[in-house]
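Some notes on the structure that comes next.
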């Protein structure tokens, strides 16, 4: 089973509180925030590794990023993926999800033409930074593959390469169980698994694994569909929402605080039910 | 009325209309006021629904205050299949050429909207927190980035429809003046190859005996600072003292398996809530969580770190061990 995994380097979501907007230039200031592999993309890599353990085949990682994206790809190769493709060119910059999906699809098609075709494309359901969740669906549409998003479980039964997979999709009040025919694109959420750690041996092996870089010339895309020009959505102003409140401190012993808290709660008109039992 | 059409996707939840439709319609009606100022005439508000609806549900759409209800039906649309649904909706769009198309960013909406973006070669904005027209008539879609720390304006200036998904719970339902909408039936022509790629085998609905967090008036929410499984139970006991209450959680608490109900997670990848009272215990205040509670009327936070980010967005700040404070609070509630 040949699996492509789409991976994106993102600023570490644990540190989004320290991202600011420069009041002069109105540009984003994310200095000091390290770049990591998007958390749900790591889950996609883990899901791919599990499928490979069962069915064999190879795993190719794709990322569209500036040249320093190479470092993050090495990390994913160290987890156990077989090959990596860095899709990188200034002309790809400023792409929205539609242009990004198109560019990734061109890379997947190029890789398929050069070696074997893919049975499955996996991706994190959404990136931590932009979090649109569009890419799995849009890549699926453009490849002409079946596609599903928000997958929390993949069940692969039987021996040999399967024709279809049973997958569970997270919905508002539970799960949808789908059978999806391959080839397919599947977006997975972080609920699906806990990604493995990289081993020292994995890091050493990663250095010897095939690594391709595709620039714009290599992909020969329709230029009207890449980068800023190929993006139907345009970014306007950015701002930080005002969520500030007065943060009045209650102090004293826990008992004193509890006493004051009960007073404050009553003052805003919330009723405390004597004896509890409201949710029984 | 102008020829412009604002489409609103009315999610068909087992024959009933999902509440998010009414939230989107309320916003669309407000947008229409500005559009009338700018253009001299309002756009047509159109509900779009796929699959058979019960008579009551169809009536609730017809009387919701929209001008037109497009009812897309076909025997292949009785069961949800995202590939078939998006194809059917795309065919309607090619025929009717909407100006704007709004979806709720539910599981269904977040799958259909980007697929439609590809089929119609147009832009899609995701999880919008506000929608507006500026004075030049540009349709501005405010989207959160970096877990809600930053809001960015998105415009789709050159292609139509301008597609946006909106997080449920962001816009409030307003009652619109009743009128009887015209129902237009649409039958798509669906190729058999689209039909069998994905098959819905089953729907596993989680039985919930408690009130959903998004409907709660009081929320007791626990985070990583609750420390362990056993400590979690105090949240439930405290919630018992409040009518229409629910216990919520953050992503780290869910990851620790202190609760298994991922439907109670609040924030960017969970629910947006607007309770009268929110009490957050052991929550650091990561943007992913904070942006889900910013519309709460009154926020009380307990954290042992006096510099925790959560305090910046709180009305009441309590520095201390969450479990100790909650235990004292519970003992005080017993005396009520």
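The values are calculated or read from the model by the stated rules, or taken from the named source; none is laboratory data. Note that the coordinates shown come from a computational prediction; the quantities given were computed from them, not determined experimentally. Positions of Cβ are backbone-derived with ideal geometry, glycine not excepted, and every protein chain shown enters the neighbour counts.
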Could you say which residue among B:120, B:95, B:77 is surrounded by fewer than 24 Cβ atoms within 10 Å (Cβ to Cβ), assigned by TED's automatic domain parsing to the domain that holds residue B:165 and out of contact with any helix residue (DSSP H, G or I) (no Cβ under 8 Å at 6 or more places or on another chain)?
B:95
Those residues that are facing chain A (nearest Cβ under 9 Å), part of a strand (DSSP E or B) and touching a residue at least 12 places away in the same chain (Cβ under 8 Å), I need them from region B:168-221; list them, please.
B:198, B:199, B:200, B:218
Which members of region B:296-320 meet the condition of being over 19 Å from residue A:264 (Cβ atoms) and either in contact (Cβ under 8 Å) with a residue 24 or more places away in the chain or at the interface with another protein chain (Cβ under 8 Å from one of its Cβ atoms) (or both)?
B:304, B:308, B:309
Considering residues of region B:222-272 that are more than 9 Å from chain A (Cβ to nearest Cβ) and free of Cβ contacts under 8 Å to residues at least 12 places away in the same chain only, the residue nearest to the chain's Cα centre (by Cα):
B:260
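Being in contact (Cβ under 8 Å) with a residue 60 or more places away in the chain and closer than 12 Å to residue B:109 by Cα is the filter; apply it to region B:8-23 and report the residue that is surrounded by the fewest Cβ atoms within 10 Å (Cβ to Cβ).
From region B:8-23, those in contact (Cβ under 8 Å) with a residue 60 or more places away in the chain are B:8-9, B:11, B:18-23; that's our starting set.
This time we only want the ones that are closer than 12 Å to residue B:109 by Cα, so: B:8-9, B:11, B:18, B:20-21.
Working: B:8: 27, B:9: 27, B:11: 25, B:18: 20, B:20: 29, B:21: 26.
Ranking the candidates gives B:18 first.
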Go through (1) buried (at least 22 other Cβ atoms within 10 Å of the Cβ); (2) away from chain A (no Cβ under 11 Å); (3) closer than 28 Å to residue B:95 by Cα one by one and return the number of the condition residue B:154 breaks.
(2)
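Test residue A:277 against the stated conditions and say whether it is at the interface with chain B (Cβ under 7 Å from one of its Cβ atoms), in a loop (DSSP other than H, G, I, E, B), out of contact with any helix residue (DSSP H, G or I) (no Cβ under 8 Å at 6 or more places or on another chain) and farther than 21 Å from residue A:147 by Cβ. So that I can check it myself, show each step before the final result.
Details: at the interface with chain B (Cβ under 7 Å from one of its Cβ atoms): yes; in a loop (DSSP other than H, G, I, E, B): yes; out of contact with any helix residue (DSSP H, G or I) (no Cβ under 8 Å at 6 or more places or on another chain): yes; farther than 21 Å from residue A:147 by Cβ: yes.
Spelling it out, residue A:277 is indeed at the interface with chain B (Cβ under 7 Å from one of its Cβ atoms), in a loop (DSSP other than H, G, I, E, B), out of contact with any helix residue (DSSP H, G or I) (no Cβ under 8 Å at 6 or more places or on another chain) and farther than 21 Å from residue A:147 by Cβ.
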Considering only residues that are in a loop (DSSP other than H, G, I, E, B) and more than 7 Å from chain B (Cβ to nearest Cβ), look in region A:238-268 and name the one that is farthest from residue B:335 (Cα to Cα).
A:242
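For (1) buried (at least 19 other Cβ atoms within 10 Å of the Cβ); (2) within 14 Å of chain B (Cβ to nearest Cβ); (3) assigned to a helix (DSSP H, G or I), each residue gets a yes or a no:
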{"site": "A:14", "(1), (2), (3)": "no, yes, yes"}
{"site": "A:44", "(1), (2), (3)": "yes, no, yes"}
{"site": "A:54", "(1), (2), (3)": "no, no, yes"}
{"site": "A:60", "(1), (2), (3)": "yes, no, no"}
{"site": "A:73", "(1), (2), (3)": "yes, no, yes"}
{"site": "A:85", "(1), (2), (3)": "yes, no, no"}
{"site": "A:98", "(1), (2), (3)": "yes, yes, yes"}
{"site": "A:104", "(1), (2), (3)": "yes, yes, yes"}
Is it the case that some residue within region B:141-150 is crowded, with 22+ Cβ neighbours inside 10 Å, more than 10 Å from every other protein chain (Cβ to nearest Cβ) and in contact with a strand residue (DSSP E or B) (Cβ under 8 Å, 6 or more places away or on another chain)?
no
Restricting region B:76-111 to residues that are in a helix (DSSP H, G or I), modelled with pLDDT under 95 and in contact with a strand residue (DSSP E or B) (Cβ under 7 Å, 6 or more places away or on another chain), which is farthest from residue A:233 (Cα to Cα)?
B:77
Which condition does residue A:163 not pass, out of (1) within 8 Å of another protein chain (Cβ to nearest Cβ); (2) farther than 28 Å from residue B:254 by Cβ; (3) more than 21 Å from the chain's Cα centre (by Cα), if it passes all the others?
(1)
I want to confirm something. Restricting to region B:273-284 and keeping residues that are over 14 Å from residue B:214 (Cβ atoms) and surrounded by fewer than 24 Cβ atoms within 10 Å (Cβ to Cβ), which single residue is farthest from the other protein chains (Cβ to nearest Cβ)?
B:284
Note on residue B:305: of the conditions (1) in a loop (DSSP other than H, G, I, E, B); (2) over 27 Å from residue A:259 (Cα atoms), unmet is (2)
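Picking from B:228, B:221, which residue would you name as being more than 30 Å from residue B:67 (Cα to Cα) and at pLDDT 95 or above? If you could, list the steps in order and put the result at the bottom.
On the way: B:228 fails: at pLDDT 95 or above.
After applying the criteria, what remains is B:221.
With the structure loaded, tell me whether residue A:203 is touching a residue at least 12 places away in the same chain (Cβ under 8 Å), surrounded by 14 or more Cβ atoms within 10 Å (Cβ to Cβ), part of a helix (DSSP H, G or I) and touching a helix residue (DSSP H, G or I) at 6+ places or on another chain (Cβ under 7 Å) or whether it fails that test.
Values: touching a residue at least 12 places away in the same chain (Cβ under 8 Å): yes; surrounded by 14 or more Cβ atoms within 10 Å (Cβ to Cβ): yes; part of a helix (DSSP H, G or I): yes; touching a helix residue (DSSP H, G or I) at 6+ places or on another chain (Cβ under 7 Å): yes.
In short, yes.
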Does residue A:150 satisfy being modelled with pLDDT of 95 or more, in contact with a helix residue (DSSP H, G or I) (Cβ under 8 Å, 6 or more places away or on another chain) and at the interface with another protein chain (Cβ under 8 Å from one of its Cβ atoms)?
yes
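Restricting region B:263-299 to residues that are part of a helix (DSSP H, G or I) and touching a helix residue (DSSP H, G or I) at 6+ places or on another chain (Cβ under 6 Å), which is farthest from residue A:11 (Cα to Cα)? Give the derivation first.
Restricting attention to region B:263-299, the residues satisfying the condition of being part of a helix (DSSP H, G or I) are B:263-264, B:287-290.
Next cut, touching a helix residue (DSSP H, G or I) at 6+ places or on another chain (Cβ under 6 Å) only: B:264, B:287-288, B:290.
Values: B:264: 26, B:287: 14, B:288: 14, B:290: 18 Å.
Going through the qualifying residues, I end up with B:264.
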